[in-house]
Every structure is written in structure tokens, then in C-alpha cells.
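The values are calculated or read from the model by the stated rules, or taken from the named source; none is laboratory data. From a predicted model like this one, the values you see are computed outputs, not experimental measurements. Reconstructed Cβ throughout: ideal geometry from the backbone, glycine too, with neighbour counts over all protein chains shown.
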Amino acid sequence: MTACIADFGLAIIFEAGKSCGDTHGQVGTRRYMAPEVLEGAISFTPDAFLRIDMYACGLVLWELVSRCTGQDGPIPEYRLPFEEEVGQHPTLEDMQESVVQQKVRPVIQEHWRHHPGLAAMCDTMEECWDHDAEARLSASCVMERVMLQMKYQQPAIGWRIENETPLTPLKENSI
């Protein structure tokens, strides 16, 4: 199995010096919207968008970890982030209540924190989805942590890397 990130149907290109018109509304998959997007309190800067993406990255990491086997046994059933709290088709108001007002985040299972291969990933997820956008990890930091996991912990985690092409670190503001 190979992971694939998709759902770019609402992606927007922002070009320097050009007006974006009415494209700055709340667009995107509600479930993955960062708190500042749900509040409508974002600045339209490249740095702000990178931090918003890192919030969603934390949720994607949670989805991946939630399907890993920390010990022998069946792989847990797939669950969407916040599915338990807001169901499969949340409204914007549902997400605002959970993510912004109650500061809910997906549940990190206790056994993940005690697993040698998953414990560091739990910290990474939490640092990606921090309520404070300024406190979130950068993409390069997450990539370095994931690469370390792949290098030192891969046999301890129930996942496989299909593509053996080595990853190379990106420069800090290249994404």
C-alpha cells in the first residue's frame, strides 16, 4: 500500500502582487481547517498558509499512526479525525465548537505513547496541531523527524515504505 495525499479541489494559487478577489472565504475540508481558519482570523501571508497546512499535516499523521500496529494484532478500524465528536459530515459550526472553543484534538491512544516507534510521532502530531499557529512545527522539522523514524524505528512500527528512494531535506522556506 502506498500513501497518497489528494483532495486539492479547493486549492488556490496566490501570486505575488495580484489581487485574489473573493477567493479568501472559508474553503477547504472543514475537518482539516486550522483553528484560525475556523475563526476567520488569518492573515493572508505565505507563512500563515504554511502554518495552516502544518495543522492539517498533524491530522494526517494522526490518521497514519491510528492505522499502525503497535503490537501483534489487527489493525484498528479507520476513523476520520474528530469523527467521534462531530460525525462524518460536520458543519462549520460543529468544527468551530470542537476545535476552537473546546480545543478538542484527535485522541492519542495511551499505548502509542509507550511504543518506541510511535511515541515521538505523538509529540510531532501535537506540535503540528497546536492551537497557537506560531507554535506549530515547520514542514522541514516534521520531515526530519519522520526521516529519523524511518531510519531508526521502521521495524518497530507496523508500516512499510514501498518506495526506497531516499528523501532529501528541503530548505526552510521552500514549501
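Here are a few things to note about the model shown:
- Residues of segment 102-141 that turn out to be part of a helix (DSSP H, G or I), modelled with pLDDT under 95, surrounded by 17 or more Cβ atoms within 10 Å (Cβ to Cβ) and touching a Gly at 6+ places or on another chain (Cβ under 9 Å), as a count: 1
- When T2, T23 are checked against the criterion of being hydroxyl-bearing (S, T, Y), within 21 Å of V142 (Cβ to Cβ), in a loop (DSSP other than H, G, I, E, B) and modelled with pLDDT under 90, a single residue qualifies: T2.
- Looking across segment 65-101, the residues that are closer than 22 Å to V146 by Cβ, among the hydrophobic types (A, V, I, L, M, F, W, C) and assigned to a loop (DSSP other than H, G, I, E, B) come down to C68, I75, L80.
- Number of positions in segment 45-96 that are loosely packed, with under 15 Cβ neighbours inside 10 Å and touching a Ser or Thr at 6+ places or on another chain (Cβ under 8 Å): 3
- Scanning segment 95-116 for residues that are in contact (Cβ under 8 Å) with a residue 12 or more places away in the chain and over 18 Å from the mean Cα position of the chain (by Cα) yields a total of 3.
- Selection from segment 43-81 of residues that are aromatic (F, W, Y), within 20 Å of L118 (Cα to Cα) and over 10 Å from the mean Cα position of the chain (by Cα): Y78
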